[in-house]
There are 2 protein chains.
Amino acid sequence: MANSLTALRETNRRLITETVRKSGALTQAQLARQTGLSPATVSTIVRELRDAGLVEISQAGGRRHLISPARETGVVVGVDFGHSHLRVALAERSHRVLAEEAIPFDVGARAPEGLSAAERLIIGLLERAGVSGTEIKAVGLGLPGPIDPQTGIMGSSTILPGWAGVDPAAELGRRLGVPVVVDNDANLGALAEATWGAAKGRREVAYMKIGTGVGASILINGLLYRGATGAAGELGHITIDENGRLCRCGNRGCLETLAGGQQLIDLVRPTHGQVTVSRLVELAHGGDIGCRRVIADAGRHLGVAVASLCNILNPGLVVIGGALAEAGPLLIDPIMAVVGRLAIPSAARAVNVVKGELGERAGVLGALARVQSPNVESAL
Amino acid sequence: MANSLTALRETNRRLITETVRKSGALTQAQLARQTGLSPATVSTIVRELRDAGLVEISQAGGRRHLISPARETGVVVGVDFGHSHLRVALAERSHRVLAEEAIPFDVGARAPEGLSAAERLIIGLLERAGVSGTEIKAVGLGLPGPIDPQTGIMGSSTILPGWAGVDPAAELGRRLGVPVVVDNDANLGALAEATWGAAKGRREVAYMKIGTGVGASILINGLLYRGATGAAGELGHITIDENGRLCRCGNRGCLETLAGGQQLIDLVRPTHGQVTVSRLVELAHGGDIGCRRVIADAGRHLGVAVASLCNILNPGLVVIGGALAEAGPLLIDPIMAVVGRLAIPSAARAVNVVKGELGERAGVLGALARVQSPNVESAL
DNA sequence: TCTCCCTTGTTCAGGGATTGAACGTACACC
DNA sequence: GGTGTACGTTCAATCCCTGAACAAGGGAGA
């Protein structure tokens with residue numbers, strides 16, 4: 001079946017659809033050259049696709065037909081739960097963002113409250129954009145914790161206790177009556193940076209999100225690598241100090257307890273009072289020596305993890321996202337210094353550590369990317 | 001072209017050839033069920049393959065025809081340089097090993113001497129097996145260090161100083177007049193275990209070789225994952241103790257300086273005199289409390305690295321090879337204990353750490369596997 | 001030993017898919 | 001205005017897979 005003639009036709013249909021989607025608009029002759037198919041085949045397949053409503057055809061001078069992707073109807077929604085915020089975006093399937101909103105939100109709260117808040121935000125955005133709820137085709141949902149790829153529920157119940165045992169995708173889907181895809185916020189950030197940001201076009205990328213916590217994700221051959229139980233890329237819980245502080249994951253001295261935003265906030269509280277990560281970064285940019293120091297220290301701890309990553313995966317590019325990434329060189333230079341000292345030299349030379357380009361919108365944009373191009377699936 | 005009808009036929013021919021090669025011998029009906037093709041298609045393709053000399057058909061009771069891979073002509077050679085040995089094997093392309101020999105050898109010696117020794121061993125094996133040198137189709141060469149996948153030369157000149165700047169594949173190929181494929185010994189060990197050993201049939205595998213040094217390799221989707229510069233999987237040089245001993249890689253406190261066989265030998269020298277890793281393991285199995293302790297300690301250090309590996313890649317299976325692996329549970333139990341303590345719980349639960357099944361032959365068998373099925377290529 | 005039933009491999013007609021060649025058309029350039 | 005070129009469509013030819021029918025052989029049970 002997988003190798004029958006109909007499968008071949010299906011393959012070629014998909015090939016043409018993909019080529020059209022990537023290039024935007026093409027004539028049939030260009031399509032034939034790019035795909036290697038004969039003009040005759042292209043002709044028949046294009047007609048099929050037009051009848052199926054998957055592409056649109058417009059005259060373009062002479063016999064030329066311009067084939068373009070069908071204007072996708074409907075909208076998609078991205079929802080991103082951070083440790084302390086909730087951000088929702090509404091976008092056309094063509095990637096244009098129609099409306100976006102973020103509110104402070106404590107993810108420690110129970111799941112139902114979180115999902116209700118998200119639902120309210122979505123409804124607000126729909127109204128603001130003048131779009132009916134029935135237009136929503138899919139929702140991408142990001143959560144700051146490991147997701148079991150099989151069941152769709154949290155892989156570790158200790159990280160987001162309020163969400164233990166909940167199937168967030170099913171629950172939100174039930175409320176909205178729309179298919180919901182759930183994923184780790186770091187996975188979504190990686191997807192976003194690879195689609196529009198600092199890792200655009202790269203197929204082998206490591207991404208670290210340093211916000212309140214520390215998450216990470218790996219793209220191998222352009223696909224999210226999830227590992228056996230969806231815990232791949234959990235760099236935030238790599239052990240840096242065996243005798244360190246207890247971590248919410250249940251272990252001790254995780255990277256997150258040393259370089260997570262929460263730890264940095266705690267460190268400067270005696271001298272600077274209660275601040276946010278963003279404020280901390282701002283102060284550091286302003287020259288505050290204490291803030292600079294805690295960020296540099298965090299960078300050194302992160303460097304240990306990135307060095308491990310280099311020795312294991314030897315990536316060519318590591319993108320740093322999350323609120324702390326805005327510290328830029330204040331954070332990245334120490335990372336590089338430690339990587340140069342701890343990673344095997346050839347791997348240290350190969351790696352390029354850069355700041356993400358999408359800032360705090362990475363998660364929600366990734367959620368959009370996840371449902372806009374649904375074929376970005378796990379490698380496993 | 002790539003999607004034409006003839007390409008489809010070619011795909012199916014390849015599918016059948018591969019299925020036959022993997023299973024050894026099959027009837028056509030089994031083939032049809034396994035490939036999902038119809039019996040009619042299998043019938044015609046099998047006839048084509050027979051006419052092309054790619055498979056052999058033997059009667060097997062009733063209408064049954066037994067399809068088996070054509071007896072491939074020629075032989076392949078595997079060469080495995082360890083830190084302290086040189087092992088060479090001669091095999092038919094059908095995987096049957098014809099002759100094999102190992103000698104002690106110091107890899108610290110200069111490359112020309114090593115290659116000369118390998119050449120002499122190969123010639124000896126050819127004589128013993130009564131095979132002419134012209135029968136050699138390819139040579140697989142394993143070296144205990146990172147190989148740059150682009151250039152084929154050592155990625156880090158400090159690890160095998162005697163081999164710096166040498167292109168071992170080209171050099172040995174020149175001497176023998178045969179194509180030579182070079183690879184890291186850990187990569188080859190992983191390949192061997194995945195082909196015939198403890199990871200048979202698995203597509204996502206991490207492999208660690210603990211001999212004199214510590215090497216590692218990762219199979220993702222059945223392919224060797226090499227990373228940007230071929231340094232992926234260098235778990236031996238992950239930093240365990242930032243203030244630890246200097247390592248030959250130039251850094252400090254690498255896993256290898258704590259869990260490598262050389263370190264263990266050094267540790268027991270005061271009490272036990274000069275021993276080999278194998279002798280050390282033997283003594284431990286015999287109940288020697290000191291040897292058991294150093295092995296357990298090594299296991300705990302290895303566990304730190306495996307825990308990092310779990311948090312980054314979340315593998316389902318980790319195979320431990322090399323001489324120290326023969327310690328079995330004496331080594332693996334401490335690894336598991338540390339993994340359970342340091343890795344994120346869902347990743348720790350998912351991973352299964354087992355001893356390799358191929359022992360000291362893993363490297364040389366992997367070298368054979370590398371050239372017997374040349375399509376096992378890098379993922380990048 | 002014999003019969004029935006199942007499995008196996010082959011053959012053949014039928015339906016799909018791709019291709020090369022031929023053809024009509026419209027623009028561009030001289 | 002004429003000619004050339006590129007483009008898209010159509011059609012017969014070719015190739016491939018599949019389902020059904022069929023012959024052949026072995027195994028279980030009586």
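Every read-out reported here was derived from the displayed coordinates using simple, explicitly stated rules and does not represent laboratory data. What you see is a predicted model, and the numbers here were worked out from it, not measured in a lab. For neighbour counting, all protein chains shown are included, and Cβ atoms are generated from backbone atoms with ideal geometry for every residue, glycine included.
Here are some notes:
- Contour minus Cα-Cα distance for A:V97 and A:S4 (0.36 nm per residue): 29.4 nm
- A simple spin-label model places pseudo-atoms 7 Å from Cα toward Cβ; at B:D106 and A:N221 they are separated by 4.4 nm.
- The stretch A:212-271 and the stretch A:137-151 have Cα centres spaced 19 Å apart.
- The DSSP beta bridges internal to the protein assembly as shown are antiparallel in roughly 65% of cases.
- The stretch A:220-321: trypsin sites (Lys or Arg not before Pro) in DSSP loop, at most 15 other beta carbons within 10 Å: A:R245
- Using a simple spin-label model with pseudo-atoms 7 Å out from Cα toward Cβ, A:H272 and A:D333 lie 1.7 nm apart.
- Integer Hz, Karplus 6.51/-1.76/1.60 couplings in order for the stretch A:245-253, x for Gly and Pro: 5, 5, 10, 5, 7, x, 9, 10, x
- Whichever aspartates and glutamates have a C-alpha closer than 17 Å to that of B:K209, once near sequence neighbours (fewer than 8 apart) are set aside: B:D80, B:D183, B:D185, B:E193, B:E234, B:E256, B:D297, B:E326, B:D333, B:E357, B:E360
- 7 Å along Cα→Cβ, label-point gaps from B:S4 to other copies, nm, shortest first: 2.5
- Anisotropy class of the protein assembly as shown from Cα gyration tensor, a/c 1.5 cut: oblate
- Beta bridge orientation in the stretch B:186-337: antiparallel %, DSSP, nearest 5: 70 percent
- Average Cα contact separation per residue, chain B, under 8 Å, 6 or more apart, as relative contact order %: 15 percent
- Treating each Cα of chain B as one equal point scatterer and applying the Debye formula with no solvent, the log10 of I(q)/I(0) at q = 0.06, 0.07 Å⁻¹ comes out as -0.26, -0.35.
- 10 °C / 1.306 mPa s Stokes-Einstein diffusion coefficient of the stretch A:5-69, Kirkwood radius on C-alpha pairs, µm²/s: 138 µm²/s
- The alpha carbon centroids of the stretch A:14-65 and the stretch B:37-83 are separated by 42 Å.
- Packing-based ranking, highest mean first, of A:115-125, A:45-55 given that Cβ atoms within 10 Å are counted: A:115-125, A:45-55
- Spin-label model distance (nm) - B:R293 vs A:Q59, 7 Å beyond Cα toward Cβ: 9.2 nm
- Global geometry of the stretch A:170-254, whether rounded, prolate or oblate, following the gyration tensor of its Cα atoms and the 1.5 cut on a/c: oblate
- Using a cutoff of 8 angstrom between alpha carbon atoms and counting only pairs six or more residues apart, the relative contact order for the stretch A:76-116 works out to 34 percent.
- Taking every alpha-carbon pair under 8 Å whose residues sit at least 6 apart, the stretch B:259-346 reaches a relative contact order of 34 percent.
- Computed FRET value (nearest 0.05) for A:E48 with B:S23, which takes r as the C-beta separation and R₀ as 45 Å: 0.70
- Rounded FRET efficiency, nearest 0.05, which uses the C-beta distance separating B:I123 from A:R175 and R0 of 56 Å: 0.15
- Legend: P(r) of the stretch B:75-189 from all alpha carbon pair distances, 5 Å bins from 0, whole percents, reading 2, 12, 24, 27, 19, 10, 4, 1, 0.
- Note on A:R33/B:Q150: beta-carbon distance plugged into 1/(1 + (r/R0)^6) with R0 of 41 Å gives a FRET efficiency of 0.85.
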